[in-house]
Amino acid sequence: MKISLQIVFFLLIIGSLVYCASKEDIKTSFPQKIKLVYFQKWIGGKESKGSGTLFYIEFETPLSKDIQLVKIYFQNQEADFEQSTKNIFVAHLAPKYINPDLILHKDSRTEYGNQAPIITKPKFALKPTEALLEYKSNGKSYFFKINNPKEKPMIAYPSVIKPKK
């Protein structure tokens, strides 16, 4: 009886250590003051032009040299950041469309070569109103959860540029 209790206790300790080791380091505050966080969806005038989301982070002062923005995870997508101005960073989130040729026929035997869709799980389980910012500070990776980023009106780009008169 005493040995079985020790084994159960030992397994609980190992299980908790494994769980803690695999958990990401999510910070509750960012090391620098963030002025504004928002996203803006865009769509091209033609189907071939595509669509996507632009995710912006604006800082009150230029980002410190020992902090690097790596990625943003938002609405089951991820993207790298680019510096737009000295205080504004933008990430271009684009949906991953795979439009395979499908054989559709009234005789189901001719549809044999169609492949089933590949469903991939997102890296993080986030709500649609949450974003996860990955950044490096002094060479070590951290994560910062952003709750309820503001949504700005959609940008609709024209399909054809009108000539000047």
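The values are calculated or read from the model by the stated rules, or taken from the named source; none is laboratory data. Owing to the predicted nature of the structure, the values given are computational and were not obtained by experimental measurement. Every residue, glycine among them, receives a Cβ derived from its backbone with ideal geometry; neighbour counts consider all protein chains shown.
Figure legend. Inter-residue proximity from segment 36-51: first residues over 29 Å from N148 (Cα atoms), second residues at pLDDT below 80, beta-carbon distance below 6 Å, spacing 6+ or different chains. Indicated pairs: K46/S159.
How about segment 58-75: which of its residues are β-branched (V, I, T) and touching a Leu at 6+ places or on another chain (Cβ under 7 Å)?
First pass over segment 58-75, keeping only residues β-branched (V, I, T): 61, 67, 70, 72.
Residue satisfying the conditions is I72 alone.
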